[in-house]
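*Asks:* This is the structure I want to talk about, given as structure tokens.
The values are calculated or read from the model by the stated rules, or taken from the named source; none is laboratory data. Since the model is a prediction, treat every value here as computed from it, not as a measurement. Note: ideal-geometry Cβ built from the backbone for every residue, glycine included; neighbour counts use all protein chains shown. Ligands, DNA and RNA are stripped out before the accessible areas are found, and what is left, the full protein with its side chains, is counted by its heavy atoms. Shrake-Rupley method; radii C 1.70, N 1.55, O 1.52, S 1.80 Å.
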Amino acid sequence: MALWGGRFSSDMNTKVAEFTESVSFDKRLYKHDIEGSKAHVTMLAASGIIPGKTAEDICAGLDKIKNDIENGNFEFKIELEDIHMHIESALIDALGPEGARVHSARSRNDQVALDIRLYLRDEIDSIKEGVKEFQKALVEQAASSSDAIMPGFTHLQHAQPVLFAHHLLAYVEMLERDAGRLDDCRKRLNVMPLGSGAIAGTTLPIDREKVQELLGFPEITRNSMDAVADRDFACELLAALSIFSMHVSRLSEDIILWCSQEFSFVELDDAFCTGSSLMPQKKNPDIAEISRGKTARVYGDLMSLLTLCKGLPLTYNRDLQEDKEPLFDAIDTVKMVLAVYPPMVATMKLNKDKMLRAAEDPFLMATDLAEKLVENGMPFRVAHHRTGSLVKWCRENHKNLAALSLDEMRISIPEAEDDCLKLFSPSSSVSKREIPGGTGPGQVKKQISFWTARLSDNKDR
Ligand code: ARG
């Protein structure tokens, strides 16, 4: 008979047990469940609700259960539904009726709300570490390739020359916002829900602040009904992980393009690629491709959870048991990506010549010419128009923009001066962009120093 068997006259049908169980996946909450229960019984004893000796025995019993689980000496059976009942039942087996005092003034509804928050708090901390390592790998790669120039793209068309490092640092910015979103989410989930009971709190004289303090929460939930029904923090985490995955997916797309024969801007280390079972010459950027693909499942996890919550009347509904698999899946997925991606980025080799050659097309410097005309006093729209006509004339007459004589340039731009003829090298184009946020080498160096200092291990963010 199940722990809740009092009002039932027959055992559960096996198919129903299989259908309703969650222990097969929520067993990963065991450590946090035990941590929460220990704080709970310590408070129960301090508040005179259970004897001090019982609380001590329960804490020792819980420690033993934790050991047993970690050493594989613990039997999981679906009749006991979830991890909470497994631990409680093992405690009662070990301590007899005194063990049953652990669940005084508590429901699985507030217990599971607590467990998920404790678990996610730890996972967020570890994911944040991973994001930081990822940023470091990007910054190191940027620092070691700070002289490499490539064409920057808009609409996937050559736009203007940029430093490759500037491109990488754009991703460091994205990851920084991801870390900020994780912080925000952690703040909102860092509230202690235990004491909310099933829905309405408890008649027993518990001390919620004591549990809050023991578990290191800065505050307690204010409304018991909200506390057992709320999964906003889980939605927020999946939203943050989805946006992070979107960033990884965009970087993947860049890397996949850069590795293609058409671009050949970078080569990935052999350890981070796979071959084809048929075509002997192939070396595929699979990590980038699979990471781009895994973004789809993280989005799916977010959609599952939002859809799960949208139709639920207050307060707890058993549907909420379905919150865990999408959460676990997204966390596992992101952690796997974080394990393989940073070393792939760190070991990527650049083909700087190929990048530079692609950036050498003088038409990429057409904007520099228009801006030179502005500098010499021409309104920008006029300068833009004149430069556009010059580009057209060059194309029609098969002329190289960088090799024009002043007379040729003056056919389209009568106001052109000698200084308009010397604008067409990618390195001078880049080096003129020394405004904050620009791709000028001095600016990019500053950014690299900024990030190196910010990401150094003794800096807390
Ligand atoms: N396994 C359940 C869950 O994950 C725990 C809470 C069950 N509460 C209940 N009243 N049946 O949500």
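*Asks:* Just to check your reading of the model, which residue among 273, 259 is in contact with a Leu (Cβ under 8 Å, 6 or more places away or on another chain) and closer than 20 Å to residue 345 by Cα?
*Replies:* One residue alone meets the criteria, 259.
*Asks:* Within the range 306-330, how many residues turn out to be within 16 Å of the ligand (Cβ to nearest atom) and either at positive phi or under 17 Å from the mean Cα position of the chain (by Cα) (or both)?
*Replies:* Number satisfying all stated conditions: 4.
*Asks:* Can I ask one more? Looking at this structure, is residue 128 more than 16 Å from the ligand (Cβ to nearest atom), in contact (Cβ under 8 Å) with a residue 24 or more places away in the chain, over 28 Å from the mean Cα position of the chain (by Cα) and surrounded by fewer than 20 Cβ atoms within 10 Å (Cβ to Cβ)?
*Replies:* no
*Asks:* In contact with a Ser or Thr (Cβ under 7 Å, 6 or more places away or on another chain) and either in a helix (DSSP H, G or I) or under 27 Å from residue 449 (Cβ atoms) (or both): does that describe residue 161?
*Replies:* Yes; evaluated as a whole, the condition is true for this residue.
*Asks:* Listed residues 402, 370, 383; which is more than 19 Å from residue 426 (Cα to Cα), surrounded by 13 or more Cβ atoms within 10 Å (Cβ to Cβ) and among the small types (Gly, Ala, Ser)?
*Replies:* 383
*Asks:* Looking only at the range 272-295, count how many residues are part of a helix (DSSP H, G or I) and surrounded by 13 or more Cβ atoms within 10 Å (Cβ to Cβ).
*Replies:* Here the count works out to 10.
*Asks:* Residues that are within 44 Å of the chain's Cα centre (by Cα) and within 15 Å of residue 367 (Cβ to Cβ): find the helices (runs of 4 or more DSSP H) completely inside the range 378-461 holding 3 or more of those.
*Replies:* Counting at least 3 such residues, we get 380-396, 426-431.
*Asks:* Please work out if residue 358 is in a helix (DSSP H, G or I), of a type in the set (A, V, I, L, M) and either within 16 Å of the ligand (Cβ to nearest atom) or buried (at least 21 other Cβ atoms within 10 Å of the Cβ) (or both).
*Replies:* In short, no.
*Asks:* May I pose another question? If I ask for residues that are charged (D, E, K, R) and open to solvent by 60 Å² or more (accessible area, probe 1.4 Å), which ones from the range 296-319 would you list?
*Replies:* 297, 310, 318, 319
*Asks:* Tell me, which residue of the range 331-350 that is open to solvent by 60 Å² or more (accessible area, probe 1.4 Å) and over 28 Å from residue 114 (Cα atoms) is nearest to the ligand (Cβ to nearest atom)?
*Replies:* It comes out as 339.
*Asks:* Same structure again: In this structure, does residue 407 turn out to be among the acidic types (Asp, Glu), in contact (Cβ under 8 Å) with a residue 12 or more places away in the chain and more than 30 Å from residue 146 (Cβ to Cβ)? First the steps, then the outcome.
*Replies:* Working: among the acidic types (Asp, Glu): yes; in contact (Cβ under 8 Å) with a residue 12 or more places away in the chain: no; more than 30 Å from residue 146 (Cβ to Cβ): yes.
Taking the combined requirement at face value, the residue does not satisfy it.
*Asks:* For the range 164-251, which fully contained helices (runs of 4 or more DSSP H) count at least 2 residues that are closer than 19 Å to residue 105 by Cα?
*Replies:* Where helices (runs of 4 or more DSSP H) fall fully within the range 164-251 and carry at least 2 residues being closer than 19 Å to residue 105 by Cα, they are 208-214, 224-229.
*Asks:* Give me the pairs: first residue in the range 251-274 and within 19 Å of residue 134 (Cβ to Cβ), second residue hydroxyl-bearing (Ser, Thr, Tyr) and surrounded by fewer than 16 Cβ atoms within 10 Å (Cβ to Cβ), beta-carbon distance under 7 Å, and six or more apart or on different chains, which are they?
*Replies:* So the pair list comes out as 269/347; 272/347.
*Asks:* Could you grab the pairs with beta carbons closer than 7 Å, sequence gap of 6+ or different chains, first residue in the range 208-232 and on the phi < 0 side of the Ramachandran plot, second one open to solvent by 20 Å² or more (accessible area, probe 1.4 Å) and among the aromatic types (Phe, Trp, Tyr)?
*Replies:* 228/316; 229/316
*Asks:* Taking the range 90-123 as the search range and keeping residues that are in contact with a Ser or Thr (Cβ under 9 Å, 6 or more places away or on another chain) and of a type in the set (Ser, Thr, Tyr), which one is surrounded by the fewest Cβ atoms within 10 Å (Cβ to Cβ)?
*Replies:* 104
*Asks:* Quickly run through the range 64-88 and pick out the residues that are open to solvent by less than 20 Å² (accessible area, probe 1.4 Å) and either within 16 Å of the ligand (Cβ to nearest atom) or touching a residue at least 40 places away in the same chain (Cβ under 8 Å) (or both).
*Replies:* 81, 82, 83, 84, 85, 86, 87
*Asks:* Could you tell me whether any residue of the range 158-165 is closer than 29 Å to residue 234 by Cα and open to solvent by less than 20 Å² (accessible area, probe 1.4 Å)?
*Replies:* no
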